[in-house]
1. Can you pull out the residues in the range 332-375 that are under 22 Å from residue 297 (Cβ atoms) and among the β-branched types (Val, Ile, Thr)?
2. Kindly evaluate residue 74 against the criterion of being farther than 24 Å from residue 129 by Cβ, surrounded by fewer than 14 Cβ atoms within 10 Å (Cβ to Cβ) and at pLDDT 75 or above.
3. Quick check on residue 280: is it under 24 Å from residue 459 (Cβ atoms), more than 20 Å from the chain's Cα centre (by Cα) and either of a type in the set (Ser, Thr, Tyr) or surrounded by 17 or more Cβ atoms within 10 Å (Cβ to Cβ) (or both)?
4. Given the structure, is residue 225 of a type outside the set (Gly, Ala, Ser), under 19 Å from the mean Cα position of the chain (by Cα) and open to solvent by 50 Å² or more (accessible area, probe 1.4 Å)?
5. In contact with a Lys or Arg (Cβ under 9 Å, 6 or more places away or on another chain) and at pLDDT 90 or above: does that describe residue 175?
6. Taking the conditions exactly as written (over 20 Å from residue 291 (Cα atoms), among the hydrophobic types (A, V, I, L, M, F, W, C) and modelled with pLDDT of 65 or more), does residue 450 satisfy them or not?
7. Please indicate, with yes or no, whether at least one residue in the range 83-104 is more than 30 Å from residue 144 (Cβ to Cβ) and open to solvent by less than 30 Å² (accessible area, probe 1.4 Å).
8. Mind listing whichever residues of the range 71-81 are part of a strand (DSSP E or B) and in contact with a helix residue (DSSP H, G or I) (Cβ under 8 Å, 6 or more places away or on another chain)?
Amino acid sequence: MAAGSCLLLLLLPSLVTASHSPPGCKIRITSKGLDLVKQEGLRFVEQELQNITVSDLHGNEGQFQYNISQVKVTDLQLAFSDLNFQPQQHLVFNISNASISLRFRRQLLYWFFYDIGSINASADGVHIYTVLQLAKDEAGRLKISNMTCNASIARMHAGFSGTLRKVYEFLSTFIITGMRFLLSQQICPSLEHASLVLLNSLLDTVPVRNYVDEHIGIDYSLLRDPSISTDTLDLDFKGMFFPRVREDQELENHAVEPVIKETERMVYVAFSEYFFDSAMHSYFQAGVLTIELQGEKVPKDLEVLLRATFFGTIFMLSPSVDAPLRLVLQVSAPPRCIIKPSGTSVSVSAFLNISLVPPDRPPVQLSSMAMETKLSAKVFLQGKALRVQLDLRRYGWGPMGVWAESPPRSTHNCFLLSRFRIYSKQSALESLALFSLQAPLKTLLQLTIMPIINERTKKGVQIPLPEGMDFTREVVTNHAGFLTVGADLHFSKGLREVIEKYRPVPTTAAYSSSRPAEPSLHPSSL
């Protein structure tokens, strides 16, 4: 028993870690963001309620036979509505004191008298109370997993016209009571379909696991169910990139967990160092962090300097003196991202091999040097794409082997900070000879290599938001180990537009069975 207890104590830390994996990406929606969603959601609810289908009402009272059909909603007034967070996983949508205007067709047979016409009715004091439960599904996608609904109509009025208007007014209590019952019974099923089917199809547009480019992909699956307080909704995403050649690869997350405390903006998105590290690790695993320059692609000034630096070695290679140069820059380990309140940087270690490439002969290596640099990183949003721009320009030069840096410069709440050094892998004497190459190689990296890298990352990676919802007024803020993007939201597309775009096409059988039958106009059908 004692041994078992000791084993349990030893395993407890690992079990706790497994049950709460830190997210690489975290999104917080505040009550201000929920207010915007309510405005768009209210328009969507109005559209859904206008499409309510009410069954025909028919029967008889003594010698009277009646049929009420073709019920249509002509107007909605949803004056009072609220959408609120409800801990721990719910949203509450409440509509009170609403009114619904209806128009339907009537048919009446009394002995030998037959009457046909229309009735305008109004349902007042409509109250709808719905609770939506949010959860992650098996694929790690946010879904509306359940809905409870309660709808009631306080009173209903109808106006009649036609030859038997007095008779209808006599029967109005019975007809209106039946219509109020049928209408109230259709509100919740309509909203349930709108939530569990239509709104979930909108959530299907949020990227969960998709490809970023031809080399890597991103996993935005939810780690756990959403956490809802009275003012916020927090979503913890895995936020891990993966190489497409090894899609099942998992990179363990040891980074600091992002903590969002702000509530002033509509939405906050936080990214930990793990988010960026996994991207660079995936590119490294994909084998694309190698750049080769040969012949005319090598800047002319640098070529002259390199030939002068290695003149002795080249001279001994006659008749290959005029052979073109080849520079191969290869990252030797996955780059690492460092996020501090003062700025964001990326540490890179690489090898630079310089060779002569004589025609029809094997390449001749002139030098192989190690390079260590710390690049400044500017993180910003463009639309819904998170982009990173790397820079090496802002630094000074010191003695060889000693880091040199320039005063930090602020941009988007981040300070730019770049460092650089090179040294020979063969000997300290050769490292001294490479001193004159530091400035030219800096120029090579900034003017030739950095544009290539930034072009590859120009597209950025999409942040997990539904289609039709975009960011505005973004502000990037650095913290210790993570950064946050605070922004407001706006709808570039309406909910209905996006839902109709992805609405599944109904089958013929489903359509014919749900379509209401046309009422007969002949008295014999009554």
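1. 348, 354, 357, 364, 373
2. Yes: the conditions hold for residue 74.
3. Spelling it out, residue 280 is indeed under 24 Å from residue 459 (Cβ atoms), more than 20 Å from the chain's Cα centre (by Cα) and either of a type in the set (Ser, Thr, Tyr) or surrounded by 17 or more Cβ atoms within 10 Å (Cβ to Cβ) (or both).
4. In short, yes.
5. no
6. No; evaluated as a whole, the condition is false for this residue.
7. As a first pass, look at the range 83-104 and keep what is more than 30 Å from residue 144 (Cβ to Cβ): 103-104.
The next check asks that each one be open to solvent by less than 30 Å² (accessible area, probe 1.4 Å); those that pass are 104.
There is at least one residue in the range 83-104 that is more than 30 Å from residue 144 (Cβ to Cβ) and open to solvent by less than 30 Å² (accessible area, probe 1.4 Å).
8. Result: 71, 73, 76, 81.
The values are calculated or read from the model by the stated rules, or taken from the named source; none is laboratory data. Everything numeric here is computed off the predicted structure, so don't read it as measured data. With ideal geometry, Cβ positions are generated from the backbone for all residues, glycine too; neighbour counts draw on all protein chains shown. Just so you know, the surface numbers come from the protein's heavy atoms only, side chains and all, with ligands and any DNA or RNA stripped out. Shrake-Rupley method; radii C 1.70, N 1.55, O 1.52, S 1.80 Å.
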